[in-house]
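Novice: One structure follows; several queries about it will come next.
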Amino acid sequence: MFSLFAANAQAIVGSNFSTDGWWRPNTTTFSPQVDKDGIVTFRLKAPHAKVVWVELGDWDIQEWRMTKDEIGVWSVAVDSLHPGIYQYSFKVDGLTVLDLENPRVKHGTSLYGNILEVRGESPLFDQAQDVAHGEVRILRYRATTLQKSKTVYVYVPPGYEEDGQAFPVLYLRHGGGDDEGSWTRDGRVADVLDNLLAQRKAKPMLVVMTNGHTDGSWAGGSSKEGMDILEHELLNDVIPLVEERFHVIKSKEGRAIAGLSMGGGQAFVIGLRNMDKFNYIGQFSSGLLSDEKLKLTDYIPDWERKRREINERVKILWTSCGTKDPRYQGHLNFLKALDKQGITYQSDGAPAGHEWAFWREQLAKFTTHLF
């Protein structure tokens, strides 16, 4: 044993390990690199690849063919991207590949692609600015119906004090491919709210973000059974936790519920089932509500009575969808159905697909109408 140790020690002493070259700072980003003129250069080391593309977007995909240099690095420079958030990945000989040089990725129920943010001359409404900042706290709770431990993300605005005034709360739900952290990571809730508050365009509020899955799928979170489970969890596990841990308004006047895609359907159904608990209800890009086969009586058994009360009991019913979203025509049909039933609502849209750029914008618009 001694001779083995001695041999190892001799090997270590005799090694030529050096930190030479470690002291130089990184002066450039390999990929993606955004220059001062907003030109984005994507690069990928793949010396044995035959054809490489960069694909950008969630639904409305743009793609650019890349060229290879003499050492096997593929690249392409793109000058047509406006300031904002983008998702991208590489297509290498037909296989989707992530950009390993970029640690920012979109993930939830799976890994979707890399995230690129292009900044303008000044920060946008959803980018960090030199303003007072709130914080995001992560709490753990027991979901009694599912019998499992879950986490909830809570945005707490600047100026919040444990023994100060009671704040209103927005309960914000994610989409089918996301999780409870997605509105914070990809939706940039903290930046959006911090900036709105600094400009006095929104009221200070807490934003509570839970996991909206029952089995990890859109179907589970959108089924009638799933809605029952998630409603019970929100009303009996989450809201009591929030009202115990934070100084918040404990009446419908201080509560709003909204969500995107799968979470939009959840917010709409759970909100209208509980008009005594929520004064504001919003849905962004819900696929469930855009389905022509949807029967609201399946989800809200007393819909015929409820729909006659909405205008009196809900202060704002917000519904929106991007015009490039495959759900858009269904969304328009849904609005016609609301019109036919005499339900008052506020609608909004933009030339966007099923993507975070649209949902960040919707969050900003919706919250300026709250409380």
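The values are calculated or read from the model by the stated rules, or taken from the named source; none is laboratory data. Note that this is a predicted model, so its numbers are computed, not measured. Cβ: placed from backbone, ideal geometry, glycine included. Neighbour counts: every protein chain shown.
Novice: Considering only the range 242-253, state which residues are buried (at least 18 other Cβ atoms within 10 Å of the Cβ) and assigned to a helix (DSSP H, G or I).
Specialist: Hit for the range 242-253 is Val242, nothing else.
Novice: Given the conditions (1) surrounded by fewer than 21 Cβ atoms within 10 Å (Cβ to Cβ); (2) closer than 28 Å to Glu161 by Cα, and given that Ala256 satisfies all but one, which numbered condition is not satisfied?
Specialist: (1)
Novice: Has the range 203-210 got any residue that is more than 20 Å from Tyr153 (Cβ to Cβ) and of a type in the set (Ser, Thr, Tyr)?
Specialist: no
Novice: Is one or more of the residues making up the range 77-90 modelled with pLDDT of 95 or more, assigned by TED's automatic domain parsing to the domain that holds Leu241 and among the aromatic types (Phe, Trp, Tyr)?
Specialist: For the range 77-90, residues modelled with pLDDT of 95 or more, assigned by TED's automatic domain parsing to the domain that holds Leu241 and among the aromatic types (Phe, Trp, Tyr): absent.
Per-residue answers, yes or no, for (1) of a type in the set (D, E, K, R); (2) more than 28 Å from the chain's Cα centre (by Cα); (3) surrounded by 13 or more Cβ atoms within 10 Å (Cβ to Cβ):
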| residue | (1), (2), (3) |
| --- | --- |
| Ser18 | no, yes, no |
| Trp23 | no, yes, no |
| Asp35 | yes, no, no |
| Val40 | no, no, yes |
| Arg43 | yes, no, yes |
| Pro47 | no, yes, no |
| Glu55 | yes, no, yes |
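Novice: Out of Glu162, Glu180, I need the residue that is under 26 Å from Arg273 (Cα atoms) and acidic (Asp, Glu). Which one?
Specialist: Going through Glu162, Glu180 in turn, the sole match is Glu180.
Here is a yes/no grid of residues against (1) under 25 Å from the mean Cα position of the chain (by Cα); (2) surrounded by 16 or more Cβ atoms within 10 Å (Cβ to Cβ):
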| residue | (1), (2) |
| --- | --- |
| Phe268 | yes, yes |
| Met275 | no, yes |
| Gly282 | yes, yes |
| Glu312 | no, no |
| Gly330 | yes, yes |
| Asn333 | no, no |
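Novice: Also: Hey, can you tell me all the residues within the range 315-345 that are among the aromatic types (Phe, Trp, Tyr) and touching a Cys at 6+ places or on another chain (Cβ under 8 Å)?
Specialist: Tyr328
Novice: Further question on the same structure: If you take the residues of the range 86-114 that are in a strand (DSSP E or B), over 15 Å from Gly187 (Cα atoms) and hydrophobic (A, V, I, L, M, F, W, C), which of them is nearest to the chain's Cα centre (by Cα)?
Specialist: This residue is Leu111.
Novice: Do you know which of the residues in the range 146-164 that are hydroxyl-bearing (Ser, Thr, Tyr) and in contact (Cβ under 8 Å) with a residue 40 or more places away in the chain is surrounded by the fewest Cβ atoms within 10 Å (Cβ to Cβ)?
Specialist: Among residues in the range 146-164 that are hydroxyl-bearing (Ser, Thr, Tyr) and in contact (Cβ under 8 Å) with a residue 40 or more places away in the chain, the one surrounded by the fewest Cβ atoms within 10 Å (Cβ to Cβ) is Thr151.
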